[in-house]
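The next block holds one structure in the form of structure tokens; read it before the comments.
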Amino acid sequence: MKPNMKETPDFKRIYTDLLDKKFPDKKSKCQKILSKTTLSTLDIIRLNENIFGQKDKETLVFNQQHRSYCEQSIIEILEYQKKNNYNNTQIALKFKLSRNSVAKWKKKYLQIEL
């Protein structure tokens, strides 16, 4: 492999091992997500919430600043917005995003579908 290429971590294996070793009681709660062939960013966020629960406000703010979304997750969020008739503010609150991010994503990804 070329040294400049980025490798994504095998989140499925990481979370499976974590559940097996430290949280076997929560494994059944996460099984549906872990049964997928590939995990999206939203799947990883859901797994984290299922395993570790909600964090305090300071931790949430810090984590939100360091989040990035793959194209698949962005499209999934925009489809969720369309399906549930949410406006940008509502979807931003639901997924803890900025309204500006949602607006940029809609501008970029919804033009592709047209």
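Read the figures in this text as sums done on the coordinates, not as results from a lab. Keep in mind the model is a prediction, meaning the values are calculated, not measured. Cβ: placed from backbone, ideal geometry, glycine included. Neighbour counts: every protein chain shown.
Some notes on this structure:
- Efficiency of FRET between Arg13 and Glu58 - r from beta-carbon atoms, R0 25 angstrom, step 0.05: 0.25
- One decimal place: the segment Gln72-Asn100 gains 8.2 nm when fully extended, by the rule 0.36 nm per residue minus the C-alpha distance.
- Stretching Asn84 away from Ile51 to a fully extended chain increases their span by 9.2 nm, per 0.36 nm per residue minus the current alpha-carbon distance.
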